[in-house]
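What follows is one structure encoded as structure tokens, with my remarks underneath.
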Amino acid sequence: MSKTKVTKIDVLAETKYLKLYNAEYINKNGETRNWAIASRKDLDTVKNKFFNGAEDDIDAVIIVATHVEQNKIVIIRQFRVPINDYVYELPAGLVDSGEDFITTVKRELKEETGLDLIQIDYEKSKTKAYVSTGMTDECISLIYCTCKGNISQKYLEADEDIEAMLLSKEEAIELINSGKKIDIKALFAIQNM
């Protein structure tokens, strides 16, 4: 038995924010197989990671924010095309070219909620994690932080249909028990409040 090894990466489809690759690999039994990978990375970056051992850059941030004045978690309700419905989530967003994750956290928190970042809790935060490794190589930073200000929709982009809210621990637990659609990251954050 040999170790599983990716031998080839080809582009299946490509859009501005998402690419679909075919990874040809040899499984532990020596058989050639194929696996589809959704990625935010360009082909050169993916190949560099697979064949040269390059480290993943952070694609996105997920923000677990506590509003300091109200001691409540920040949750958003956002329309998501893949499920054709609204889902409860944590604020989040893609890291723009040249940005570090702190700049992205500030920008996305303000854009999606109108709130201002106060401080990041580096002890609780995880600067590199993966969200769904059976489907994607997306690498995220899970950032715990505090924020202040008033919720506003005035910073939303045209394609963002978002309602931000502040929930107490009790209200958040009610949400996860309500049967409403919720993102797994928001579910875990609420369960760990």
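Values for this structure:
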| item | result |
| --- | --- |
| Counted residues, the stretch 127-148 - those being surrounded by fewer than 19 Cβ atoms within 10 Å (Cβ to Cβ) and charged (D, E, K, R) | 2 |
| Odd one out for ASP10 among (1) charged (D, E, K, R); (2) within 17 Å of THR133 (Cβ to Cβ); (3) touching a strand residue (DSSP E or B) at 6+ places or on another chain (Cβ under 9 Å) | (2) |
| The stretch 104-127, residues that are at pLDDT 95 or above, over 19 Å from LYS154 (Cα atoms) and among the β-branched types (Val, Ile, Thr) | ILE118, ILE120 |
| Residue that is surrounded by the most Cβ atoms within 10 Å (Cβ to Cβ), among those in the stretch 169-189 that are touching a Phe, Trp or Tyr at 6+ places or on another chain (Cβ under 8 Å) and in a helix (DSSP H, G or I) | ALA186 |
| In the stretch 50-59, the residues that are farther than 11 Å from ILE9 by Cα and of a type outside the set (Val, Ile, Thr) | ASN52, GLY53, ALA54, GLU55, ASP56, ASP57, ASP59 |
| Residue that is in contact with a Pro (Cβ under 9 Å, 6 or more places away or on another chain) and in contact (Cβ under 8 Å) with a residue 24 or more places away in the chain, where the choices are GLU108, GLU138 | GLU108 |
| Every residue from the stretch 153-186 that is within 14 Å of ARG77 (Cβ to Cβ) and small (Gly, Ala, Ser) | ALA164, ALA172, SER178, ALA186 |
| Matching option when the condition is over 24 Å from the mean Cα position of the chain (by Cα) and either under 22 Å from ARG107 (Cβ atoms) or charged (D, E, K, R) (or both), among GLU31, GLU55 | GLU31 |
| Any pair with Cβ under 6 angstrom, 6 or more apart, that starts in the stretch 46-65 at a residue that is touching a residue at least 24 places away in the same chain (Cβ under 8 Å) and over 19 Å from SER97 (Cα atoms) and ends at one that is β-branched (Val, Ile, Thr) and surrounded by fewer than 18 Cβ atoms within 10 Å (Cβ to Cβ) | PHE50/VAL6 |
| Single unsatisfied condition, ALA13 versus (1) in a strand (DSSP E or B); (2) in the same structural domain as ILE176 (by TED's automatic domain parsing) | (2) |
| Number of the condition not met by THR45 [criteria: (1) of a type in the set (S, T, N, Q); (2) within 18 Å of the chain's Cα centre (by Cα); (3) within 17 Å of GLU138 (Cβ to Cβ)] | (2) |
| Residues satisfying the stated conditions in the stretch 9-64, i.e. closer than 30 Å to LYS148 by Cα and of a type in the set (Gly, Ala, Ser) | ALA60 |
| Spans of strands (runs of 3 or more DSSP E) in the stretch 72-138 with at least 3 residues within 22 Å of GLU55 (Cβ to Cβ) | 92-94, 126-130 |
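The values are calculated or read from the model by the stated rules, or taken from the named source; none is laboratory data. This one's a predicted model, so the numbers in the text were calculated from it and none came from an experiment. Because the Cβ atoms are built from the backbone with ideal geometry, glycine has one as well, and the counts that use them run over all protein chains shown.
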